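Here is the structure we will look at.
The values are calculated or read from the model by the stated rules, or taken from the named source; none is laboratory data. Bear in mind the structure is a predicted one, so any value in this text is a computation, not a measurement. Note that we place each Cβ from the backbone using ideal geometry, even for glycine, and neighbour counts take in every protein chain shown.
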Amino acid sequence: MIELVLFVLVSLGISAAWNLADIFNYPRIVAGLIPYLNKPLLCPECNSFWIGILVSMFLNPVAGFTYPILSNFFCGIISHLIAVIFYRKIVEPSI
């Protein structure tokens, strides 16, 4: 259970830093110029899925699955769902 909480905090922290920190303005501008990757990299809910998959390669709370690709996908879904709640209920009303 503690691994899952740590995973959610790390993936949500990286996703929030990518979306909200001013230090990542230039990389977001460059990512916006890539034709097919601009939407998955600039949408807060979309990039939280990809960040969740990336973080799960190093910190996987559901590593007990038989298929590691499926567990990484599941971690991406967990990260995405938590980020949707975070961005829609906390961040958007404050902006």
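Which members of segment 26-45 meet the condition of being closer than 19 Å to GLU92 by Cβ and at pLDDT 85 or above? Once the filter is applied, which keeps residues that are closer than 19 Å to GLU92 by Cβ and at pLDDT 85 or above, segment 26-45 yields only ARG28. Quickly run through segment 50-68 and pick out the residues that are within 13 Å of PHE7 (Cα to Cα) and either without any contact (Cβ under 8 Å) to a residue 12 or more places away in the chain or not hydroxyl-bearing (Ser, Thr, Tyr) (or both). Result: ILE51, GLY52, ILE53, LEU54, VAL55, MET57, PHE58, LEU59, ASN60, PRO61, VAL62, ALA63.
Filter segment 48-95 for residues that are among the aliphatic types (A, V, I, L, M) and outside any helix (DSSP H, G or I); which is nearest to ASN25 (Cα to Cα)? Selected residue: ILE95.
A single member of ILE90, ILE85 is over 9 Å from the mean Cα position of the chain (by Cα) and either at pLDDT 85 or above or closer than 17 Å to LEU4 by Cα (or both), and it is ILE85. All conditions but one from (1) modelled with pLDDT of 90 or more; (2) among the β-branched types (Val, Ile, Thr); (3) surrounded by 11 or more Cβ atoms within 10 Å (Cβ to Cβ) apply to ILE23; the one that does not is (3).
Under 6 Å between Cβ atoms, at least 6 apart or on separate chains: pull out the pairs that start in segment 20-47 with a residue that is in a loop (DSSP other than H, G, I, E, B) and end on any residue that is surrounded by 14 or more Cβ atoms within 10 Å (Cβ to Cβ) and modelled with pLDDT under 90. No pair meets every condition.
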